[in-house]
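What follows is one structure encoded as structure tokens, with my remarks underneath.
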Amino acid sequence: MPESVSMELGGRQLTLETGELARQANGSVFARYGDTCVLVAATASPNPREGIDFFPLTCDYEERMYAAGKIPGGFIKREGRPSEKATLTARLIDRPIRPLFPDGFRNDIQIIATVLSVDPEVDPDVVALTAAGGALAVSDIPFDHNIAGVRVGIIDGRLVINPTKTELESSTLDMIMAGTSDAVMMVEGGAKEISEEQFLEAVEFGHRHIKDIIAQIETLAARAGKPKREFPVFLPAPSMQSFVDEAFGADIARAMRVTKKLERNAAFDEISRQEALKRVSGHRLEADVRPMLEDSRNHDFEKCVKARQEEELRTMVVDESRRPDGRAPDEIRPISSRTTVVPRTHGSGLFTRGETQIFTAATLGSLSDEQRIDGLGPQTFKRFMHHYNFPPYSVGETRPMRGPGRREIGHGLLAERALIPMLPPPDAFPYTLRLVSETFESNGSSSMGSVCASTLALMDAGVPLRKHVGGVAMGLILKDGRPGILTDIQGLEDALGEMDFKVAGTTDGLTAVQMDIKVRGITIDIMRRAMEQARRGRLFIIEKLKETAPAPRRGLSKFAPRMFVLEIHPDKIKDIIGPGGKVINKIVAETGAKVDIENDGRVFISSPDADSGERAKRMVEDIARDVEVGEVYTGIVKRIMNFGAFVQILPGKEGLVHISQLAAHRVNRVEDEVKIGDEVIVRVTEIDNMGRINLTRKGMLEEAKI
């Protein structure tokens, strides 16, 4: 029989139900929050996957357009590849769940969240995250720490749980977090220069509500959960760990203290299986260890080496306050940076911190270059885009080049969030902005390096950025409950440590945060210490950025398009567009400029140079102008009749110069005075009640001579 639990959360009812839908999965939960409904199914393979030394977890987030009452656009009327939103949400589910499975678990686990209905005010992402925790809780899959997720906002200084999309527009924080009843596992969000203390208060606030949700999940699991099955867990043999500690402990300790990454990697490469086969001869554990070393499918040796590396790193950081590259725990690697790295981009920046190097190029486009977002919510347009690339050569590897993965998309969004609050509004800077960060070299914190390089590129492009934005990645090493907090972590500290905590912002506050925990969570006290250390590091980095680019460059690159903005009466829009777009197409063809018109009458003109933009602007202004009696115009003779000449004084606006008004003397034939195509100076004498315009040339020639 179906079972369900419900609770009030943020002014809406959250209901989790199991037992009716997707019953062949190991566990499933149907979650409803407002009118947003998500089904999450968790399934485990019956047998462990052979020949692997990692945990095969897959999280998928499936957007269904019917959930929003839409039919997919384009020729193919079914959903295709996941959107960026879907990819990022799948990543949000994966990150807090992965560390909570038992070490050595090798059965395939697949978690699929399918969005069935969407309330326009309720984003399905945190609903899917919570439902995933519920599906694992009621399943027979070993997962002892139940998990849930919430969104936290700050509106008018007040903390709000799961704010609506409308409320988020006025919120200074948009943060998603996940945790267990004991600790926080994951934080992801953007902010508008909030303080570290405000952020920590938001985390504590969100965690209290997470505990309430988990209590409901535990009730549901008690009523309808399956007994947990016994799954095999593949842990290294204790004899292999003892052998590695005895035979290679000193080598690992020495290699860990080599300061250069490539030299350190070379030292670790010498700790190989081939070398182990030599050293095992005559060792007291030879009988146990040699068969494992000779079996290429057995990875216990590599796992034990990594475990020893982790222990050595704990000793160095916590006991000796020393890091693999010789730095103090709060020390930042040497920084160098410059702008205008290449000549033809609209702006560029290069930021190098230790062995991490990021190049960012900025491109300015017209508003018509905005990205259209057509997802489960209302169609929106994106004016600022940050894309992040991570080629294999950046870490000295070779692998096929593919499209961006979840990590690349996630890092791009993180830097985008960090920079958005500092961008000028479209009215002040009417450009579409695209940044592309290329990772040339990586040894930790490349995402935060892309924030710094992007700040430089925007400054170099002449974008009036309000303030410099810098970022730093923090790490955590735990030994016997004692924490070692590290500033500006490198790759080894990230791989072997317990936390990756990325913090970006200005001198006045935070603009983006991302935290991932690899253990059972961390306390607020540790987070507070990490935030303060991160603040000092961020301020140091921003000072370095200011030395390179104190302020945005005056003027734009000569290769950047020029933008002109003017406002017309909305009633004039149809005149500028013309029948079938005839008028606007003529402007574009004659000037080479792009013309974008908003419904409120704002006109944005983009041109490759100032002259063509000015021409297009004058043409638009002329069309939008009202003809006024007494005004003088320079027009073109378009038609000649027996009774006078019709002169175009503005685009689409013609007036009649009667034969009696062509000259001060008597005119017998119109052709004696003007011909088609002649440029003439005329004055408006009358606009009759039918809108017809009467013109005169009398006195104009004399005035022109004067």
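When 500, 494, 427 are checked against the criterion of being in contact with a strand residue (DSSP E or B) (Cβ under 9 Å, 6 or more places away or on another chain), surrounded by fewer than 21 Cβ atoms within 10 Å (Cβ to Cβ) and not assigned by TED's automatic domain parsing to the domain that holds residue 372, 494 stands alone in meeting it.
Answer yes or no as to whether residue 534 is surrounded by 21 or more Cβ atoms within 10 Å (Cβ to Cβ), closer than 16 Å to residue 368 by Cβ and of a type outside the set (Lys, Arg). In short, no. Taking the range 52-111 as the range and being more than 29 Å from residue 522 (Cα to Cα), of a type in the set (Gly, Ala, Ser) and part of a helix (DSSP H, G or I) as the test, the residues that pass are 67, 68. Please go through the range 220-244 and give me each residue that is surrounded by 15 or more Cβ atoms within 10 Å (Cβ to Cβ) and outside any loop (DSSP other than H, G, I, E, B), ordered by number. Of everything in the range 220-244, those that are surrounded by 15 or more Cβ atoms within 10 Å (Cβ to Cβ) and outside any loop (DSSP other than H, G, I, E, B) turn out to be 220, 221, 224, 239, 240, 241, 242, 243, 244. Residues being modelled with pLDDT under 85 and either touching an Asp or Glu at 6+ places or on another chain (Cβ under 8 Å) or hydroxyl-bearing (Ser, Thr, Tyr) (or both): count how many of those fall in the range 494-516. The number of residues fulfilling the criteria is 1.
Considering only residues that are touching a helix residue (DSSP H, G or I) at 6+ places or on another chain (Cβ under 9 Å) and either over 21 Å from residue 143 (Cα atoms) or outside the structural domain of residue 46 (by TED's automatic domain parsing) (or both), which ones fall in the range 196-217? Listed by number, the residues that qualify are 196, 197, 199, 200, 203, 204. Within the range 464-491, the set of residues being modelled with pLDDT under 95, in a loop (DSSP other than H, G, I, E, B) and among the β-branched types (Val, Ile, Thr) comprises just one member, 489. For the range 256-273, the criterion of being free of Cβ contacts under 8 Å to residues at least 12 places away in the same chain, of a type in the set (A, V, I, L, M) and either part of a helix (DSSP H, G or I) or surrounded by 17 or more Cβ atoms within 10 Å (Cβ to Cβ) (or both) is met by at least one residue.
When residue 229 is tested against (1) in the same structural domain as residue 35 (by TED's automatic domain parsing); (2) touching a residue at least 40 places away in the same chain (Cβ under 8 Å), exactly one condition is not met: (1).
Rundown of residues vs (1) closer than 14 Å to residue 692 by Cβ; (2) among the β-branched types (Val, Ile, Thr), yes/no style:
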position	(1), (2)
598	no, no
605	no, yes
615	no, no
618	no, no
621	no, no
646	yes, no
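Within the range 368-394, the set of residues being at pLDDT 90 or above, outside any strand (DSSP E or B) and touching a helix residue (DSSP H, G or I) at 6+ places or on another chain (Cβ under 9 Å) comprises 383, 390, 394.
Mind telling me which of the residues 319, 330 ends up being outside any loop (DSSP other than H, G, I, E, B) and at pLDDT below 95? When all the criteria are applied, what remains is 319. Criterion first (among the aromatic types (Phe, Trp, Tyr), within 32 Å of the chain's Cα centre (by Cα), on the phi < 0 side of the Ramachandran plot and not in a helix (DSSP H, G or I)) does residue 540 satisfy it? Taking the combined requirement at face value, the residue does not satisfy it. Being in contact (Cβ under 8 Å) with a residue 12 or more places away in the chain, exposed (fewer than 15 other Cβ atoms within 10 Å of the Cβ), within 26 Å of the chain's Cα centre (by Cα) and outside the structural domain of residue 194 (by TED's automatic domain parsing) is the requirement here; does residue 554 meet it? In short, no. Residues that are within 18 Å of the chain's Cα centre (by Cα), at pLDDT below 95, assigned to a strand (DSSP E or B) and closer than 27 Å to residue 343 by Cα do occur in the range 423-445, at least one of them. Within the range 285-315, the set of residues being in contact with a strand residue (DSSP E or B) (Cβ under 9 Å, 6 or more places away or on another chain) and crowded, with 19+ Cβ neighbours inside 10 Å comprises 313, 314.
Here 28, 83 are screened, and the one residue that is among the polar types (S, T, N, Q), out of contact with any strand residue (DSSP E or B) (no Cβ under 6 Å at 6 or more places or on another chain), crowded, with 16+ Cβ neighbours inside 10 Å and in the same structural domain as residue 152 (by TED's automatic domain parsing) is 83.
Does residue 53 satisfy being among the acidic types (Asp, Glu), farther than 27 Å from residue 155 by Cα, in the same structural domain as residue 152 (by TED's automatic domain parsing) and out of contact with any strand residue (DSSP E or B) (no Cβ under 7 Å at 6 or more places or on another chain)? Considered against the rule, which asks whether it is among the acidic types (Asp, Glu), farther than 27 Å from residue 155 by Cα, in the same structural domain as residue 152 (by TED's automatic domain parsing) and out of contact with any strand residue (DSSP E or B) (no Cβ under 7 Å at 6 or more places or on another chain), residue 53 comes out as yes.
Against the test of being in contact with a His (Cβ under 6 Å, 6 or more places away or on another chain) and either without any contact (Cβ under 8 Å) to a residue 12 or more places away in the chain or hydroxyl-bearing (Ser, Thr, Tyr) (or both), the options 454, 447, 394 yield a single qualifying residue, 447.
Regarding residue 637, is this residue touching a Gly at 6+ places or on another chain (Cβ under 7 Å), buried (at least 19 other Cβ atoms within 10 Å of the Cβ) and of a type outside the set (Ser, Thr, Tyr)? Here the answer is yes, as residue 637 does meet what is asked. Per the conditions (1) touching an Asp or Glu at 6+ places or on another chain (Cβ under 8 Å); (2) outside the structural domain of residue 105 (by TED's automatic domain parsing); (3) not basic (Lys, Arg), the sole criterion not satisfied by residue 220 is (2). Among the helices (runs of 4 or more DSSP H) confined to the range 565-645, the ones with at least 3 residues that are under 27 Å from residue 680 (Cβ atoms) and free of Cβ contacts under 8 Å to residues at least 12 places away in the same chain are located at 582-591. In the range 110-162, the qualifying residues are those that are of a type in the set (A, V, I, L, M), closer than 15 Å to residue 42 by Cβ and touching a Cys at 6+ places or on another chain (Cβ under 9 Å), and the one that is surrounded by the fewest Cβ atoms within 10 Å (Cβ to Cβ) is 112.
Number of residues in the range 17-51 that are part of a strand (DSSP E or B), touching a helix residue (DSSP H, G or I) at 6+ places or on another chain (Cβ under 9 Å) and either modelled with pLDDT under 95 or over 24 Å from residue 372 (Cβ atoms) (or both): the value is 15. Among the candidates 598, 590, 621, 628, the residue that is among the acidic types (Asp, Glu) and under 30 Å from residue 669 (Cα atoms) is uniquely 628. Identify all residues within the range 219-260 that are more than 30 Å from residue 19 (Cα to Cα), among the β-branched types (Val, Ile, Thr) and out of contact with any Lys or Arg (no Cβ under 7 Å at 6 or more places or on another chain); write none if there are none. If the condition is that a residue be more than 30 Å from residue 19 (Cα to Cα), among the β-branched types (Val, Ile, Thr) and out of contact with any Lys or Arg (no Cβ under 7 Å at 6 or more places or on another chain), then 259 is the only one that fits.
The values are calculated or read from the model by the stated rules, or taken from the named source; none is laboratory data. Remember, predicted model here, so these are calculated numbers, not experimental data. When we count neighbours, we look across all protein chains shown, and the Cβ atoms used for this are built from the backbone with ideal geometry, even at glycine.
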